[in-house]
Amino acid sequence: MALRILTRRGFRGGVHPPENKELTAEKPIEILPPPPVVVIPVQQHIGAPGQPIVQAGDRVRVGDRLTEPGGYVSVPVHASISGIVKAIEPRPHPLGTTALSIVIEGDGQDEWSDTVVDDEAWDQLPAEEIRERIRMAGLAGMGGAAFPTHVKLSPPPNKPIDTFILNGAECEPYLTADHRLMLEYPEEIVRGMKIILRVLRPAKAFIAIEDNKMDAVRAMRQAVQREGLSCEVVALPVKYPQGAEKQLIKALTGREVPRGGLPMDVGCLVHNVGTARAIYQAVAKRRPVIDRVVTVTGRGVVEPKNLLVRIGTPFSFVLEHCGGIRDGAARVLMGGPMMGIAQFTLDVPVVKGTSGIVVLNQEEVDRRQMAVCIRCARCIDACPMGLMPTTLYHLVKAKRFEGAQDYGVLDCIECGSCAYVCPAGLPLVHAMKWGKMEVSRKLRAAG
Amino acid sequence: MDEKVWKVSTSPHLADRESIPKIMWLVALSLAPAGIGAVYFFGAHAAWVIFWAVAAAVGTEAAIQKLMRKPVTVYDGSAFVTGLLLAYNLPAEAPFWLPIIGSAFAIGLGKQVFGGLGYNPMNPALLGRAFLLASWPTHMTIFRTPPRGGTISGIDVETGATPLNLLKQAHDVLHQAKVAPGEVPAQKIADAMTHIGKLYESYGNLFWGRVGGCLGETSVFLLLLGAAFLFYKRYIDLRIPVGYIGTVAVLTWMFGGSEGLFTGNPLFHVLAGGLILGAFFMATDMVTSPVTPRGKWIFGIGCGVITVIIRLIGGYPEGVSYSILLMNLTVPLLDRYTKPAIFGARKR
Ligand code: SF4
Ligand code: SF4
């Protein structure tokens, strides 16, 4: 249970972008009032979408289930305000598409479903019941990847998990949602972790936090002691992308997840601190995912904040609550500046994977002129996956996708380190995404 | 409802502060001490050589880009650096047209025909120098100006007096004496021995730059000053210079002596001639060196091997330029066969 400043091996590559976390690091989580209307996409996770089980005109309460999961790798969504279902129709989704969404007009009552009840016996439940509650609470990874949580908690018997890692690295610049969660709800996170350990029974457990959040390290250590959990709270040196699953496992255990493999191939499982808290709420309070903590920040926001936001709240409503957008704002992102997705409209809703809404101004945003590759190799030095971004860029640009496959384009985790350091300002990640898409398409076509 | 349509772009949305112009101009800055040293050691004429080389390089680039209706990119500093490096590879007393022709060749046929910055396979400055050496060998190899504050390598010889040249001449005498005993006068042999002895004692002169040679290559001290700055800025990767200089040291120690294996003088070979300039500023040229870590080691070592072969066996006392140019040609191959290990490709 010792607090340990790491001198382990770490991982190769990586970058040190300016953190800019001071904009919101000191600000306690504020509760955003429920908006008048929420837009809840039926798919907010990786996997099959669910089927709506409500119709326009139905009245719903907070926590009522709105969809039936569409298979095993699928989770439902829930009403996040009480009111009337106004429509079920395609609406803009923050991933840059339009997606079938359930629109609820609020009645201002904020009446909760009677399925949301405390369960005193939460720490004695069998693993099966735990997984089912987690699934029906609509849990998908809160760190951003949004993979259904119950699936991750069901490793096949031939892949036993010996190491569990709770990810509190929060290596994305600007974001402080996980930081605040660890400061304000350490017990709930640790209890969520207890539930996970009960299901997995690993030999070893870590909580990993970057050492720019020593207050969170202390808070988590105290909570671990109070709750009598046996696990090591580790402070990792700041380096992006420390919080990427594979890099985190490597830094903590020295193990490398094999190419194309999953953490369980090396006996590891990683969950985000936000997910752990949601697990506790799902299992002990029978409370589905109807809200999440969102860091609203960037120099384009008048008053940056950490907010507890109902799922489905439009970005515009959230931003209004932060004093609105400043003149000179240039980009609106869902997520952090390294991996976040630029939004063309503020009419998109907060979803389960929305860790932040970042509004960058003209000075903060990358404004470089695109030049030519001077072969400086900075991208290669920065790539945490050992790839050659410059070569991949040239191959993809020439549409030589087979070559790109040979050079490992599918191993790219889209962390953005390469483009961040490129002095020529080349759209390297754009090329990687395109290359990955084309190669996957070809692989699928080939069966 | 907000009707504004926001601009979108692919992640990442931040970038660090590096840019091609910044890198190039700082490389030029790192070369400044050696240039100022050249003017100090060899006089104002060195400044004119530098001026003409840089002006011609920048002018040629601008003219070609104008003619081809391409955007003029001379502000990025890369042509400036090419001109500077070419000048540093010329004798201080070069006539003004020599740097002009050299730079025009370097930029025109060494860089722009391939599509400009980033596409040239070989170092343009070195190509320019090779062209001049082939066309006007005498102008390129006469070093008449003695450096200020010292004689050439501590030995009074009129022409062709770079330290490496003197060493080669002395070694030739000794070699001659060995293959045809009795034919070389004893006095000549004795002279050669003294020369070698004196050369090997001239570390101080070599280090500070009080020796004959191309105008920018002589002061190891001033060059290392610039190299240290580039390393601090992470603009050069030490694998190449370390591999290069290390190889030259080891091989000249093994094979460079006249008394048999392991009697050579590695320090002399490292300090004399254009090795420091070449290893830190020309072999490390980003465009024409490998991008992979292992490729950089092999590239540096390869440069070292070829340099030593030319210096010890070839007919020419120097060997830095040709070895780098030759190794430039291997870069596509090196990049291909030295890919870094992809994460998770190794067994754990
Ligand atoms: S190639 Fe992919 S994994 Fe490598 S640095 Fe770029 S975005 Fe990250
Ligand atoms: S960082 Fe940019 S300029 Fe440098 S090698 Fe990579 S792609 Fe080329």
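Quick notes
- Within the stretch A:97-121, the residues that satisfy the criterion of being at pLDDT below 90 and of a type outside the set (D, E, K, R) are A:97, A:121.
- Residues within the stretch A:370-429 that are more than 9 Å from ligand 1 (Cβ to nearest atom), assigned to a helix (DSSP H, G or I) and under 24 Å from the mean Cα position of the chain (by Cα), tallied: 1
- Filtered by the rule that a residue be at pLDDT 90 or above and in contact with a His (Cβ under 9 Å, 6 or more places away or on another chain), the stretch B:246-268 gives B:248, B:249, B:251, B:252, B:253.
- Only listed residue being farther than 24 Å from residue A:148 by Cα, of a type in the set (D, E, K, R) and more than 18 Å from the chain's Cα centre (by Cα), chosen from A:347, A:265: A:347
- Per-region count, the stretch B:43-60, residues small (Gly, Ala, Ser) and either open to solvent by 20 Å² or more (accessible area, probe 1.4 Å) or touching a strand residue (DSSP E or B) at 6+ places or on another chain (Cβ under 8 Å) (or both): 5
- Candidate set from the stretch B:335-348 (those that are in a helix (DSSP H, G or I) and within 12 Å of another protein chain (Cβ to nearest Cβ)); member that is most open to solvent (accessible area, probe 1.4 Å): B:336
- Qualifying residue in the stretch A:371-387 (condition: out of contact with any Lys or Arg (no Cβ under 9 Å at 6 or more places or on another chain) and modelled with pLDDT under 95): yes
- Of the residues making up the stretch A:58-73, those that are part of a loop (DSSP other than H, G, I, E, B) and either out of contact with any helix residue (DSSP H, G or I) (no Cβ under 6 Å at 6 or more places or on another chain) or not β-branched (Val, Ile, Thr) (or both) are A:58, A:61, A:63, A:64, A:66, A:69, A:70, A:71, A:72.
- Meets criteria (out of contact with any Asp or Glu (no Cβ under 6 Å at 6 or more places or on another chain) and closer than 23 Å to residue A:123 by Cα) for residue A:186: yes
- Filtering A:138, A:106 for residues that are touching a residue at least 12 places away in the same chain (Cβ under 8 Å) and touching a His at 6+ places or on another chain (Cβ under 7 Å) leaves a single hit, A:138.
- Residue within the stretch A:208-220 that is touching an Asp or Glu at 6+ places or on another chain (Cβ under 6 Å) and either surrounded by 23 or more Cβ atoms within 10 Å (Cβ to Cβ) or modelled with pLDDT of 95 or more (or both) present: no
- Test result for residue B:312, within 14 Å of chain A (Cβ to nearest Cβ), hydrophobic (A, V, I, L, M, F, W, C) and either surrounded by fewer than 24 Cβ atoms within 10 Å (Cβ to Cβ) or farther than 30 Å from residue A:266 by Cα (or both): no
So that you can scan it fast, the table gives a plain yes or no per residue for (1) in contact with a strand residue (DSSP E or B) (Cβ under 6 Å, 6 or more places away or on another chain); (2) in contact (Cβ under 8 Å) with a residue 40 or more places away in the chain; (3) more than 14 Å from chain B (Cβ to nearest Cβ):
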site: A:297; (1), (2), (3): yes, yes, no
site: A:304; (1), (2), (3): yes, yes, yes
site: A:328; (1), (2), (3): yes, no, no
site: A:338; (1), (2), (3): no, yes, no
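- When A:392, A:410 are checked against the criterion of being over 22 Å from residue B:236 (Cβ atoms) and within 14 Å of ligand 2 (Cβ to nearest atom), a single residue qualifies: A:392.
- Some residue of the stretch A:387-401 being open to solvent by 10 Å² or more (accessible area, probe 1.4 Å), of a type in the set (A, V, I, L, M) and within 28 Å of residue A:16 (Cβ to Cβ): no
- Lone qualifier among A:92, A:76, A:17 - being buried (at least 19 other Cβ atoms within 10 Å of the Cβ), touching a Ser or Thr at 6+ places or on another chain (Cβ under 8 Å) and assigned to a loop (DSSP other than H, G, I, E, B): A:76
- Filter result for residue A:87 (out of contact with any Ser or Thr (no Cβ under 8 Å at 6 or more places or on another chain) and touching a residue at least 60 places away in the same chain (Cβ under 8 Å)): no
- Residues of the stretch A:104-161 that are of a type in the set (S, T, N, Q) and under 16 Å from residue A:75 (Cα atoms): A:149, A:154.
- Among the residues of the stretch A:28-39, the ones that are out of contact with any Leu (no Cβ under 9 Å at 6 or more places or on another chain) and either at pLDDT below 95 or surrounded by fewer than 17 Cβ atoms within 10 Å (Cβ to Cβ) (or both) come to 2 in all.
- For residue B:32, the stated conditions hold: it is away from chain A (no Cβ under 11 Å) and surrounded by fewer than 18 Cβ atoms within 10 Å (Cβ to Cβ).
Residues checked against (1) of a type outside the set (A, V, I, L, M, F, W, C); (2) open to solvent by less than 20 Å² (accessible area, probe 1.4 Å); (3) away from ligand 2 (no atom under 16 Å from the Cβ):
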residue: A:362; (1), (2), (3): yes, no, yes
residue: A:376; (1), (2), (3): no, no, no
residue: A:385; (1), (2), (3): no, yes, no
residue: A:423; (1), (2), (3): yes, yes, no
residue: A:445; (1), (2), (3): no, no, yes
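- Inside the stretch B:291-301, residues that are open to solvent by less than 10 Å² (accessible area, probe 1.4 Å) and either assigned to a helix (DSSP H, G or I) or over 17 Å from residue B:234 (Cβ atoms) (or both) make up a count of 3.
- Meets criteria (in contact (Cβ under 8 Å) with a residue 24 or more places away in the chain, in a loop (DSSP other than H, G, I, E, B) and either within 25 Å of residue A:177 (Cβ to Cβ) or of a type in the set (Val, Ile, Thr) (or both)) for residue A:34: yes
- Among (1) open to solvent by 50 Å² or more (accessible area, probe 1.4 Å); (2) touching a Gly at 6+ places or on another chain (Cβ under 6 Å) - the single one residue A:237 does not satisfy: (2)
- Tally of residues being small (Gly, Ala, Ser) and under 24 Å from residue B:170 (Cβ atoms) across the stretch B:277-329: 7
- Top-ranked residue of the stretch A:340-360 - restricted to ones that are outside any loop (DSSP other than H, G, I, E, B) and open to solvent by 10 Å² or more (accessible area, probe 1.4 Å), ranked as nearest to the other protein chains (Cβ to nearest Cβ): A:342
- Single residue of A:406, A:381 found to be acidic (Asp, Glu), open to solvent by 20 Å² or more (accessible area, probe 1.4 Å) and touching a residue at least 40 places away in the same chain (Cβ under 8 Å): A:381
The values are calculated or read from the model by the stated rules, or taken from the named source; none is laboratory data. Fair warning: this is a prediction, and the values are worked out from it, not measured in the lab. Note: ideal-geometry Cβ built from the backbone for every residue, glycine included; neighbour counts use all protein chains shown. Ligands, DNA and RNA are stripped out before the accessible areas are found, and what is left, the full protein with its side chains, is counted by its heavy atoms. Shrake-Rupley method; radii C 1.70, N 1.55, O 1.52, S 1.80 Å.
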